[in-house]
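Each remark here refers to the structure printed beneath this line.
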Amino acid sequence: MDMSEEVLQQASPGLIPGSGTARAAKPTRLSPSFISWLQAGPMMLVFLAFFLIPLVFVVIVSFWDYNEYQLLPAFSVRGYTDTFEGCIAQLPDLCTIGKTYLKTLKLCFLVWAITLFIGFWVAYFLAFHVKSKTWQMGLSLLCTIPFWTSNVIRMIAWIPLLGRNGLVNSGLMKTGLVNQPVEWLLFSEFSVVLALVHLFTFFMVVPIFNSMIRIDKSLIEAAYDAGATGLQTLVNVIIPLAKPGIVIGSIFVITIVMGDFITIGVMGGQQIAAAGKIIETRLNALQFPAAAANAVILLAITFLIITMMSRIVDIRKEL
Amino acid sequence: MTETTKKGFSRRSLLKGTAGLAGLAAGSGVITGFPYVHSAEPKVLRYLGTAVNEGDDISKQCLKDTGIKIEYITATTDDVTKRVMTQPNSFDVLDTEYFSLKKIVPSGNILALDAKKIKEFDNITPVFTKGETPGGKKIGGQGTAPWKVLYLEGKDSKKFATSATEFVTLIPTVYNADTLGIRPDLIKRPISSWSELLNPEFKGKASILNIPSIGIMDAAMVVEASGKYKYADKGNMTKEEIDLTMKVMTEAKKAGQFRAFWKDFNESVNLMASGETVIQSMWSPAVTKVRSMGIACTFQPLKEGYRSWASGFCVSKGVSGAKLDWAYEFVNWFLSGYAGAYLNRQGYYSAVLSTAKAHMEPYEWAYWMEGKPAEKDIKAPDGSLLEKAGAVRDGGSYEDRMGAVACWNAVMDENDYMVRKWNEFIAA
């Protein structure tokens, strides 16, 4: 028995056949459930320290009071009431917060739908059309190339392209397709969605591709043999089997876009409000409880969307 | 250029040499009973501020003159305030704007400086101490004018004093009179009023800055210029006045007046240089920057006057002992001329005019401060050409510009309400 076996043996008696019985009587033996805790421990601690505890603080602070320059640790729902100020009085018109969330959801939906469409076909191509493993690897690596530069640069690179005197506009003008520069190319919902799709399609490609390469090719052959058309195979075989990837990719894209305010700010010319932007403005005005309240609301909405998605597909079962 | 490099090199190698010798002496044990090499303790000050005052040249010169090493921590105005509130021990010297004082002072996180220890204090321009130009022109005091928040009642007081005391909240460093920047080559007609910002002629080509406390002041200048309303104090509006101002802005936004809003220096430069906007709120050095790219851009004086801002130094409440002495040494050095001249050459103004003047060439002083045509080519601190001989500074002399200030950047009593309304404007 070498060293590693020794360790393994102590940690989990009975794992190595024929060697467990001799030591089983030892009182220092660790219970299997303890071992499981030990194994999950590091991840749990990280999760606790960097996610759960800060989250609890955010929730607590969201119920504090505040003034111009400090937090007042007394229970108050002011962060929330300020956020929804005038929302009932304004009905049936939407108040700022309502409009902002609606806009954020709209952008989120558009980006989700487009990245899903593009991501699905890119993954499909990689998984089913590219036969050689080397090429599959090579082409997936190709997808990561844009990620070699920073997010900000990839985003800002669009500005000289789409601007009033940008490449696209000067091209259009020269070919005589338009007389006036097209204004909605930049600082508009269009440019926001374009930049977000550009930034996040990859997050769709990877999980979907990952699901697709696991699909047993014989299933597709079977569908073909049974006389299914290409479309029928896609709808009845490939899409259902790629669902976990689709859901995971969707969760990536939705959570990122719901919280994004930098891309929306830069590409929208700071004229399009986003849920994340409200939090930033509140922070800048030193209104931490109000910022925390908005963070809690944003989290709740994102959580709701993800719960709904996981209702459609049980990821754990599918994996 | 090579000369400075060489100088820097030799100085550095000299330092290295001395340090090496000292180390050798200490290590060899030759000098017994020598407790400590005092000179080895580095004089370092962590300097928190916006990028305005923070220049490599300034820190290098400071190290050369005083041996104090400045470590810059750069943040936006909002983030500077946030940091003072949440991490007062993360910096030593604070460089911030006077309007932030209404938030910072009550928090008790900063130390007032002692005017007696500031050598040039009595030479600080009367703009700060009396609210008038050296020539005696009265300056508009709407908003958080520096002289309203310059003094504290006592050393640890959280209250602003109404008359001069020994305890100064911020020792002034730099200030300017802001107005609109325009692209004369694309507008092709004279612009003379703030109201032009909302002129439908510039639909989709205007911009203001998305920093609520400053943006609303620009908006108020526009509202007043268009004759819609006259404020008692643009820098301290009532809720009704805020509603009115934001209504005017929201209507313009919905009509597509604005191309984009900007939040930092570079954004404003890019908007203007690329021709996305032709008229917008702008800072003087941003205009200079656009111009140095070879694109026509004017920092347009307007008949309603300027919106001004000013910043200065104080220290964190955690600073004491030797570090506090260095802080005073640094502030005194900053007012002694080199930094002032450097800032003047960028189009800002320095707090002590006499020392800055001594560090500038007469033709430079005449161009930047006296509004005279440039006798020679005007160069930026980095040596690049700003203006050819014969050019005149936009807005004229120091007297003319500072004398025409209408209001100062401010934090209003209704700041909280204003920020919420600003958010609605952005979301509209």
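The values are calculated or read from the model by the stated rules, or taken from the named source; none is laboratory data. Since the structure is predicted, the reported quantities are computational estimates derived from the model, not experimental observations. Using ideal geometry, Cβ is built from the backbone for each residue, glycine included, and neighbour counts are taken over all protein chains shown. Heads up: the accessible areas ignore ligands, DNA and RNA and are worked out on the full protein's heavy atoms, side chains in. Shrake-Rupley method; radii C 1.70, N 1.55, O 1.52, S 1.80 Å.
Some values worked out for this structure:
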quantity: Net charge contributed by nearby residues that have their C-beta within less than 10 Å of B:Asn344 (K/R +1, D/E -1); calculated: +1
quantity: Rel. contact order, % - alpha carbon contacts under 8 angstrom, at least six apart, segment A:138-274; calculated: 29
quantity: Residues of segment A:41-85 buried by at least 50 Å² on assembly (accessible area, 1.4 Å probe, chain alone as reference); calculated: A:Glu68, A:Tyr69, A:Glu85
quantity: Solvent exposure of segment B:153-293 as accessible area per residue, Å², 1.4 Å probe; calculated: 37
quantity: Degrees between helix B:321-334 axis and first principal axis of chain B (Cα, 0 to 90, nearest 10); calculated: 60
quantity: Where chain A is the region considered: accessible area per residue in Å², 1.4 Å probe; calculated: 57
quantity: Computed over segment B:299-428: relative contact order in percent, which uses C-alpha pairs under 8 Å that are six or more apart; calculated: 25
quantity: Distance-filtered residues of segment A:74-101 - backbone nitrogen under 20 Å, label point 7 angstrom along A:Thr307 Cα→Cβ; calculated: A:101
quantity: Computed FRET value (nearest 0.05) for A:Phe109 with A:Leu161, which takes r as the C-beta separation and R₀ as 35 Å; calculated: 0.90
quantity: Inter-label distance for B:Glu41 and B:Glu166, nm, one decimal - labels placed 7 Å from Cα along Cα-to-Cβ; calculated: 2.5
quantity: Under 16 Å from the Cα of B:Lys303 - aspartates and glutamates, other chains or at least 8 residues apart; calculated: B:Asp178, B:Glu196, B:Asp218, B:Glu224, B:Asp394, B:Glu399, B:Asp400
quantity: Residue-level accessible surface for A:Val46, protein heavy atoms, 1.4 Å, Å²; calculated: 80
quantity: Hull-based mean projected area of segment B:232-305, where the convex hull spans the alpha carbons, in square nanometres; calculated: 6.2
quantity: Complex-versus-alone comparison for segment B:63-86, residues with a loss of 30 Å² or more in accessible area, probe 1.4 Å; calculated: B:Asp78, B:Lys82, B:Met85
quantity: Normalised per residue, the volume of the convex hull around the Cα set of chain B (Å³); calculated: 154
quantity: Calculated from backbone phi, Karplus (6.51, -1.76, 1.60) coupling profile of segment B:104-117 in Hz, x at Gly/Pro; calculated: 6, 4, x, 6, x, 8, 10, 9, 6, 8, 8, 4, 5, 8
quantity: Nearest-10 value in Å² for the accessible area of B:Arg420, using the 1.4 Å probe; calculated: 30
quantity: Placed amide H near B:Glu304: partners under 5 Å, 5+ positions off or other chain; calculated: B:Trp194
quantity: Amide proton proximity set for B:Ile73, modelled H, under 5 Å, gap of 5+; calculated: B:Tyr47, B:Leu48, B:Gly49
quantity: Estimated translational D of segment A:191-319 in µm²/s (Stokes, Kirkwood radius over Cα pairs; 4 °C; 1.567 mPa s); calculated: 76
quantity: Beta bridges per DSSP with both ends in the protein assembly as shown, % antiparallel, nearest 5; calculated: 65
quantity: For B:Trp262, residues with placed amide H under 5 Å, excluding near neighbours; calculated: B:Ile208, B:Leu209, B:Asn210
quantity: Rounded percent of accessible protein surface that carbon and sulfur make up, the protein assembly as shown, 1.4 Å probe; calculated: 63
quantity: Relative contact order, percent, chain A [alpha-carbon distance under 8 Å, six or more residues apart]; calculated: 23
quantity: Length added when fully stretched, B:Thr250-B:Arg189, from 0.36 nm per residue minus Cα-Cα; calculated: 19.3 nm
quantity: 19 Å reach of a label modelled at A:Asp65, 7 Å along Cα-to-Cβ, counting backbone N of segment A:282-298; calculated: A:286-293
quantity: Filter on B:Lys158/B:Lys239; B:Lys159/B:Lys317; B:Lys103/B:Lys317; B:Lys82/B:Lys103 - keep pairs with C-alpha separation over 19 Å; calculated: B:Lys158/B:Lys239
quantity: Selected from B:Ser192, B:Ser207, B:Ser284 as most flexible by GNM, with chain B as the system and alpha-carbon contacts under 10 Å; calculated: B:Ser192
quantity: GNM top mover of B:Thr238, B:Thr50, B:Thr66 - chain B, alpha-carbon springs below 10 Å; calculated: B:Thr66
quantity: Karplus-derived HN-Hα couplings along segment A:238-246 (A = 6.51, B = -1.76, C = 1.60, θ = phi - 60°), whole Hz, x at Gly and Pro; calculated: 6, 4, x, 6, 8, 3, x, x, 4
quantity: Estimated vicinal HN-Hα couplings, Hz - segment A:69-81 in sequence order (Karplus 6.51, -1.76, 1.60; Gly, Pro = x); calculated: 10, 8, 8, 10, x, 10, 4, 7, 9, 4, x, 7, 5
quantity: Accessible area of B:Phe202 in the full protein assembly, 1.4 Å probe (Å², nearest 10); calculated: 10
quantity: Antiparallel content of DSSP bridges confined to chain B, in %, to 5; calculated: 65
quantity: Heavy-atom accessible area per residue - segment B:318-428, 1.4 Å, Å²; calculated: 35
quantity: Pairwise FRET efficiency - B:Glu370 versus A:Ala300, Cβ, R0 = 60 Å, nearest 0.05; calculated: 0.45
quantity: Buried accessible area, chains A and B (both chains, 1.4 Å probe, Å² to nearest 100); calculated: 2900
quantity: Free-standing Cys residues across the protein assembly as shown, given no other cysteine C-beta under 4.7 angstrom; calculated: A:Cys108, A:Cys143, B:Cys62, B:Cys297, B:Cys314, B:Cys407
